[in-house]
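Chemist: One structure coming up, written as structure tokens, with questions to follow.
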Amino acid sequence: MLGSVTGSVFENLTQTVSQGAVWFLSKIAALLDDSTRPQVTATWFTDQYELVIGLAAIIILPLLLVAIADAAIHGRPGDIIKALFVYLPIAGIVSYVALELADMALTITDWAAAYVSGDIAADASQFLDGLGGILSNSAAGGQLPLFAVFIGSLFVVFAAFTLWIELILRTAAISLAVLFLPLAFATMVWPRVAKWASRTLRLLAALIVSKFFIVAVISLGASMLSAVAGAGGSRP
């Protein structure tokens, strides 16, 4: 009697966790298609970006004076010319076109990800249908042990939730990196701290293209597992 009640409770718990796994995976598919693009050209973002440009304009003046003094002390007049007529104009120009360039890079990355994945939503849907069939058959007394289904479902929930958080953090990190680009570009006028501009650009590039690799891996996994899940879900 007690064993029967315990088995029923565990079976219900397994079904609940399995349904949660399917729900999380479906949300991940929607998140990849709809919510992984930072809105760097939205009005609310551009308003904040203009404030940062104003702050960078204030910071770049003392940096320029320090760069000129440093070059004069060390007898490098060429650095003064570069700071005034090369790096200063470049910092101002790229600060104003950074949003368009970042949006263009995001568009190219999204296109490349869509090209590699084909239709990740369809792959995910096929995988989820097959996974639901496996879970349903197993919960009804199929070939897979109930405990194995429970552990597998927990792993799917954990993996999907971790990926979800990773995508959210990626979006936030890109937004912050783009927002503070004018401050990074302001450091270009002084060679001693100009490395921060290149580091920020490398970080932003890595964050942007990371979606391509994430989507490619998920698409490959979904394509492989959809066949297995479909075969498992079709078993009597």
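Read the figures in this text as sums done on the coordinates, not as results from a lab. Being a predicted model, the structure only gives us computed values, none of them experimental. Glycine also receives a Cβ, built like all others from the backbone with ideal geometry; neighbour counts cover every protein chain displayed.
Chemist: Please specify each residue of segment 54-106 satisfying the condition of being of a type in the set (A, V, I, L, M), under 17 Å from TRP196 (Cα atoms) and within 25 Å of the chain's Cα centre (by Cα).
Modeler: Within segment 54-106, VAL94, ALA98 qualify.
Chemist: Pairs needed: first member in segment 67-79, without any contact (Cβ under 8 Å) to a residue 24 or more places away in the chain; second member anywhere, buried (at least 16 other Cβ atoms within 10 Å of the Cβ) and outside any helix (DSSP H, G or I); C-beta distance under 6 Å; at least 6 residues apart or different chains.
Modeler: Listed by first residue and then by second, the contacts come to nothing, as the list is empty.
Chemist: To continue, here is another question. Which residue pairs have Cβ atoms under 8 Å apart, sit 6 or more places apart or on different chains, and have a first residue in segment 101-113 that is within 19 Å of SER219 (Cβ to Cβ) and a second that is outside any helix (DSSP H, G or I) and of a type in the set (Lys, Arg)?
Modeler: Taking only residues 6 or more apart or on different chains, the pairs are LEU106/ARG37; ASP110/ARG37.
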